[in-house]
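Only one structure is covered here, and it is reproduced in the block below.
The values are calculated or read from the model by the stated rules, or taken from the named source; none is laboratory data. Everything quoted here is computed from the prediction, not taken from an experiment. For neighbour counting, all protein chains shown are included, and Cβ atoms are generated from backbone atoms with ideal geometry for every residue, glycine included.
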């Protein structure tokens, strides 16, 4: 069976719809042109490639803590989408509960953009996420993870690491930050997205310099704690990115259909709470 005919969940993507939802005036970056994509367009992309569900991630670019576009996309999807929101560090329990009722399953931390120190003092927020059973999605890069780990380890919250932890391929597998990520994976309290290869690769598609990192992540986390994401619509992509070739790369890296079913369907479905028959 082709990967295009297998059940799939896309666990990392964004909606940029500035016509219906103008960007915040103070945004640091305003996605435009081919970087934009509405909820309706994204659902057509998913239909074209046989993808059943999507975890839509609220972006720092354009919208930051304005989650109206994200919530509208979830509402339009008829249960097909769930979301990861960006919130203020002093977000209240009532706000989190309201977001959860509208299909938000977690909150994003982005040290890769804001730095680790930005999240100092967020222990109360993490406690509330843990209390509500929500995820903490974390995007770090290069050597940032060890500095963030004390906060994560104390929180007890379920952790979802973005884009393979965005390691530096030239530093190799023995880099302490990547080894810390593998240790986190072996702890059994974190999941990782095998996504965003273009964000840390030094090579064009198919980004072969990232493959050893993917294989090590799968060994540490196991496929019970790995998910896949497209990163559609490819904000600030260094080269043209296409949805189909990304899926074919997953088919190459995971030639066993049982393994692909775990990565693309069973694990994300269980993690994010979709019923087995949807």
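Quick test for you: out of 46, 71, pick the one residue that is over 27 Å from residue 258 (Cβ atoms), in a helix (DSSP H, G or I) and at pLDDT 95 or above.
Working: 46 fails: over 27 Å from residue 258 (Cβ atoms).
Being over 27 Å from residue 258 (Cβ atoms), in a helix (DSSP H, G or I) and at pLDDT 95 or above holds for just one of 46, 71, which is 71.
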- Does residue 148 meet the test of being modelled with pLDDT of 95 or more, closer than 21 Å to residue 227 by Cβ and in a helix (DSSP H, G or I)? yes
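Do we have any residue at all in the stretch 48-62 that's over 24 Å from residue 194 (Cβ atoms), surrounded by 14 or more Cβ atoms within 10 Å (Cβ to Cβ) and touching a helix residue (DSSP H, G or I) at 6+ places or on another chain (Cβ under 9 Å)? Walk me through how you get there before you give the answer.
Start the filter on the stretch 48-62 by keeping residues that are over 24 Å from residue 194 (Cβ atoms), which leaves 62.
Imposing the further condition that a residue be surrounded by 14 or more Cβ atoms within 10 Å (Cβ to Cβ) reduces the set to 62.
So of that shortlist, the ones also touching a helix residue (DSSP H, G or I) at 6+ places or on another chain (Cβ under 9 Å) come out as 62.
Checking the stretch 48-62: at least one residue is over 24 Å from residue 194 (Cβ atoms), surrounded by 14 or more Cβ atoms within 10 Å (Cβ to Cβ) and touching a helix residue (DSSP H, G or I) at 6+ places or on another chain (Cβ under 9 Å).
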- Complete set of residues in the stretch 232-267 that are within 14 Å of residue 197 (Cβ to Cβ), over 17 Å from the mean Cα position of the chain (by Cα) and not in a loop (DSSP other than H, G, I, E, B): 245, 248, 249, 252, 253
- Single match in 7, 18, 31, 22 (criterion: over 16 Å from the mean Cα position of the chain (by Cα) and without any contact (Cβ under 8 Å) to a residue 12 or more places away in the chain): 22
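May I ask you to list the residues in the stretch 268-278 that are part of a loop (DSSP other than H, G, I, E, B) and in contact (Cβ under 8 Å) with a residue 24 or more places away in the chain?
273, 274, 278
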- Message: One residue is enough: does the stretch 49-67 have a residue meeting the conditions touching a strand residue (DSSP E or B) at 6+ places or on another chain (Cβ under 8 Å), closer than 20 Å to residue 269 by Cα and free of Cβ contacts under 8 Å to residues at least 40 places away in the same chain?
- Response: no
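When only residues in the stretch 74-119 that are touching a residue at least 40 places away in the same chain (Cβ under 8 Å) and part of a helix (DSSP H, G or I) count, which is farthest from residue 162 (Cα to Cα)? Walk me through how you get there before you give the answer.
Step one: list which residues in the stretch 74-119 are touching a residue at least 40 places away in the same chain (Cβ under 8 Å), which gives 79, 81-82, 84, 105-106, 108, 110, 112-114.
Keeping just the survivors that are part of a helix (DSSP H, G or I) gives 112-114.
Details: 112: 10, 113: 13, 114: 15 Å.
That would be 114.
Picking from 245, 204, which residue would you name as being more than 25 Å from residue 156 (Cα to Cα), out of contact with any strand residue (DSSP E or B) (no Cβ under 7 Å at 6 or more places or on another chain), touching a residue at least 40 places away in the same chain (Cβ under 8 Å) and exposed (fewer than 15 other Cβ atoms within 10 Å of the Cβ)?
Of the residues listed, the single one that is more than 25 Å from residue 156 (Cα to Cα), out of contact with any strand residue (DSSP E or B) (no Cβ under 7 Å at 6 or more places or on another chain), touching a residue at least 40 places away in the same chain (Cβ under 8 Å) and exposed (fewer than 15 other Cβ atoms within 10 Å of the Cβ) is 245.
For residue 236, state whether it is modelled with pLDDT under 95 and either buried (at least 22 other Cβ atoms within 10 Å of the Cβ) or within 21 Å of residue 59 (Cβ to Cβ) (or both). Walk me through it before giving the result.
Details: modelled with pLDDT under 95: yes; either buried (at least 22 other Cβ atoms within 10 Å of the Cβ) or within 21 Å of residue 59 (Cβ to Cβ) (or both): yes.
Answer is yes for this residue.
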- Message: Of everything in the stretch 25-38, what is surrounded by 14 or more Cβ atoms within 10 Å (Cβ to Cβ) and part of a loop (DSSP other than H, G, I, E, B)? Give them in sequence order.
- Response: 27, 29, 30, 31, 36, 38
- Filtering the stretch 120-145 for residues that are touching a helix residue (DSSP H, G or I) at 6+ places or on another chain (Cβ under 6 Å) and either in a strand (DSSP E or B) or without any contact (Cβ under 8 Å) to a residue 12 or more places away in the chain (or both) leaves a count of 1
- Residues of the stretch 169-185 that turn out to be in a helix (DSSP H, G or I) and either over 23 Å from the mean Cα position of the chain (by Cα) or in contact (Cβ under 8 Å) with a residue 40 or more places away in the chain (or both), as a count: 4
- For residues in the stretch 151-168 being free of Cβ contacts under 8 Å to residues at least 60 places away in the same chain and assigned to a helix (DSSP H, G or I), which is surrounded by the most Cβ atoms within 10 Å (Cβ to Cβ)? 165
